[in-house]
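One structure is given here, and the rest of the page talks about it.
The values are calculated or read from the model by the stated rules, or taken from the named source; none is laboratory data. Keep in mind that what you see is a predicted model, and the values were worked out from it rather than measured. Note that we place each Cβ from the backbone using ideal geometry, even for glycine, and neighbour counts take in every protein chain shown. Please note that ligands, DNA and RNA were not included when accessible areas were found on the heavy atoms of the full protein model with its side chains. Shrake-Rupley method; radii C 1.70, N 1.55, O 1.52, S 1.80 Å.
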Amino acid sequence: MIETKGLTKYFGSFAALRDVSIALHPGRLTGIIGPNGSGKSTLIKCLLGLVRPSDGLVLHNGRLPDTGGSYRAHIGYMPQRATFPGDLTGREVLALVSKLRSEKPHRMDSLIDLFDLHRDLNKRVRTLSGGTRQKLSAVVAGMYDPTLLILDEPTAGLDTGASKVFKGYVSEQLKQGCAVLMTTHIISDLEEMADDIVLLVDGTVSYAGSVRELKLTTDRPLLEAAVAEILQQGAA
Amino acid sequence: MLPMPGMLGGESMRLRMTMAREIASVRLFAAVTCLLTALVLMVPSPAKGRTLWVHPDSTLATISQGIGAAQSHDTLVISVGTYSADSLIIGIPLTLSGQPGAIVRAGGKRGIFVVTAPHVTIRNLHLTGVQASFTAEHAAILLEGVSHVTIEDNIIDNCFFGIYAANSFACTISRNQVIGRQDRLTTAGNGIHLWYCRDIAVIGNSVSSHRDGIYMEFVRSSVVDRNQCRDNLRYGLHYMFSDSSQYAGNFFCRNAAGVAVMYTSNVLMQDNVFDQSWGGASYGLLLKDIRDSRVVGNKFTSNSIGVHIEGSDRIVLAHNLFKDNGWAMRLMANCLDNSIRENDFIDNSFAVATNSRQNHSSFDGNYWSDYRGFDLDRDGYGDTPFRPVSLFSLLVESHPPTLVLLRSLLVNVLDLAERTIPTLTPETLVDTRPSMGPNL
Amino acid sequence: MTIVRQISGFVIRDILRSRWSIANTMFFAIATAGLFYLQADSARVAVSISSLSLVFIPLISLIYTAMYYYNSRDFIELILTQPIGRRSVFLGLLLGILISLVAGFITGIGIPYVILGSSDWTDISAVIAVIVIAIALSSIFAALALVAATRCDDRGKGLAVILGMWLVAAVLYDGLVLAAATALAEYPMETPLLIASLANPVDLSRVLFLVHSDMAALMGYTGAVFIRFFDQPIGLVVATVSLLAWFAAPVWYGLRRFNLKDF
């Protein structure tokens, strides 16, 4: 389990995160929603260790992360824009990652099959379409069977078919006990998949809890309406 | 730092006067000898002369005994062995010829031989051990008021002065090896020293580790050719007040300064090599108060300063090579009408330095390796003039420590700017016909 | 350390494939061949190359390193999401950039030298001296550039900072030295100038070349101080320590900043 305790991050005098405490549970998908600039990406980067918190803690199974970053061995990350060194081929990217981790990926081939990437793996990354890059990113994120998947707008570049395949993959991971954190603008995706919701507004948590509870407390059957209700309450 | 020539003049003048007193007594004797010799010469001699053998085990066991037994024009052959002589006077025309291994040591605190008769020849001897003195210029061989004396093929080492000729003429000093003690400047004498002489030929000698390798003062019409002067503490060759002389084909290497020519006119300096004179105010060639002389076909390589010219007029410097020197040429503003033409200036840290914006000498047809112009009309000379004095060299002239910035980008940019729009460098110090390729 | 090696290995392969490395190598190759064309004497070519290196190696190293950093932020972020410590990432990047810089420089100068130069030992030793100094300067300025790029996320600002660094090291510093030496002419300036030249890696490298190439001029004036200093083992030791310090300080500071940096 991964949790944050009182996580606060200032960029200069701007508070990107203020006292954020959330927990990600195995087998559950947590959706982070919030307007642009509400701190979603900063929160994700704090979890990954890309951003150093100004205050507060990130705990992995109750422990502080080590400086060598070995805790990241259990995290699969798909960034918002899948970015790889453009001169490498997909295959080289995968080889690079496995070389850096000096560990053979457990399920690289099955993921390549799943996302139907074989034909594109020998092309340079810079020539790939956004969607194909996103698929490659999914392979990189998933090929070591992570216990936490962090997905930043994962379906944004994917076409409908690929999006469906991807969601299938995520559900399967959830079934196997993986914790999933996902940000998206496509509320319907969350409606479909999310177990828990974290609503961030101006770097603070407006709501954190299960989707069911959210719908119950706001008395709205649709997630989108429930979220709108919370936002309205916050504004009032 | 070397003492200035002027200051030294005073000191050596005192020395010289002491010496003059000392040899005054000798001089009377010399005069008598000369008279006797003249008489002898007038008498038709029956034979060309006998050969006497000086040998440590024979009746003529010392050179002094040998000379005592000899008559004019005899030849004394000095056999192998070590002899001593204490300012031994050679007062009749004689030939002293050493056999290999014949060594003559200074027997006292004075010199070894004093030649007071003409037509003396000293050859193939190894002379050694003349001690330094602060009061007199003791030499291995002193020529005092003589003519037609030949000193050749001797080895002279560890002597205060090597060969000292005073008031003499028509003498030859050739192929001697004169090796000093590499002492301090104050206790070192000159290798070959000529004073008030004329028509002297100093040829093919090798002089090292003395104060001055070859010293000439008040000498006329003399020739210094094909000598090698190395590692001398002051000058390889030192000319003072010695008009109408020439030196050519000499090799000067690692002397504190190669050659100093001062207060002289009509000197021909040709085909010499001036190499590796390194140090503060060290030059291959110093020209000070010189008139109407020619410096032609010489090579100046790896000296701190190739040629330093001050107070000198109407000198022609042509067809010389200046390579790898710190400063190829330092031309002071008090020089007039010198012509510097068709020389090659290659890879010197500075081509020409001067101390003023004034220049009264001309540069023409030289090759400058720093020149970057074009020759569009294909006449072999660059179309734009070359200014050999860089801004930085002026700066170093006024603030020597800034030399550390040599070859820095800043300095290169400043020099380029100055060359493009000259404002501080001497306006007339310019080669309007820079050669596109080496002249030599 | 294996991770550092892997990252640097990747960086090297990445750079070797780019046009940058070809441009870098070609620049020095053409410059060297051009100098051989202009002056036949290969000892003098070494002097010209060293002058050229003093200007261009810092500039190229700075720009190249910063540009590579800015262009590979994707790659850096990718590896930072992997179970790898930031120290290794920083050192791997620096090492990779450095090796490719130096390789480009050595091949650029080396090939014309092998073809056109003499096999005279003094020439070879002059070239070796150029290469050693080039390695030192590349290392120092690559490290400085990496620090600047790490500190400035904005590419334009980062480039402005590194150009400023170059301007100071290659030109302005000498301007200050010149101003000081002329303004304080009545004081003995030799020792302060010696210290001043030890304090700037470009000047130090230049003086190290000077004591060989312009010995005759240096012996002429105050330079005797320099010759005496750099001719002794202590001089070389102090020079080496100064260059190492100029490398170690930015690496140390860069590691600290990189470790605290937000991506």
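Quick rundown of the values:
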| quantity | calculated |
| --- | --- |
| Average accessible surface area per residue within the protein assembly as shown, 1.4 Å rolling probe, Å² | 41 |
| Total charge dipole magnitude, the protein assembly as shown, about the Cα centre, Cβ charges on Lys, Arg, Asp, Glu only, Debye to nearest 20 | 1340 |
| DSSP beta bridge pairing in the range A:2-235, given as percent antiparallel to the nearest 5 | 55 |
| Distance between the range B:317-354 and the range A:141-164 - C-alpha centres, whole angstrom | 78 |
| Built amide H within the under 5 Å cut-off of B:Arg220, gap 5+ | B:Cys197, B:Arg198, B:Asp199 |
| Cα extents of the protein assembly as shown along the three principal axes, largest first (Å) | 154, 63, 50 |
| Cut-off under 5 Å, modelled amide H: who pairs with B:Val114 long-range | B:Leu88, B:Ile89, B:Ile90, B:Leu142 |
| Top positive-direction residue, dipole computed over the protein assembly as shown with Cβ charges, set C:Ser100, A:Leu47, B:Leu60 | A:Leu47 |
| Note, ³J(HN,Hα) from phi for the range B:330-343, Karplus 6.51, -1.76, 1.60, rounded to Hz, x at Gly and Pro | 10, 10, 7, 6, 8, 9, 10, 6, 8, 10, 10, 9, 6, 8 |
| Formal net charge of residues neighbouring A:Thr30 (Cβ-Cβ distance under 12 Å; K, R +1; D, E -1) | -1 |
| Acute angle (nearest 10 degrees) that the helix B:5-42 long axis makes with the longest principal axis of chain B, alpha-carbon atoms | 40 |
| Under-5 Å amide H pairs with B:His308, H placed in peptide plane, nonlocal only | B:Leu285, B:Leu286, B:Leu287, B:Arg330 |
| Cross-link partners of A:Lys104 among lysines (Cα-Cα below 29 Å; sequence separation of 8 or more within a chain) | A:Lys45, A:Lys123, A:Lys135, A:Lys164, A:Lys167, A:Lys175 |
| Residue (of A:His185, B:Asn272, B:Met329) at the positive-pole extreme of the protein assembly as shown, dipole from beta-carbon charges | A:His185 |
| Given charges at Cβ of Lys, Arg, Asp, Glu: the protein assembly as shown dipole, positive-most of A:Gly157, C:Val168, A:Gly168 | A:Gly168 |
| Size of charge dipole - the range A:2-235 - debye, nearest 20, with Cβ of Lys, Arg +1 and Asp, Glu -1, no other charges | 740 |
| Helix-only mean residue ellipticity at 222 nm for the protein assembly as shown, each DSSP H run of n ≥ 4 adding -39500 (n - 2.57), per residue, nearest 500 | -13000 deg cm²/dmol |
| Nearest-20 debye value, chain B charge dipole, Cβ charges on Lys, Arg, Asp, Glu | 1100 |
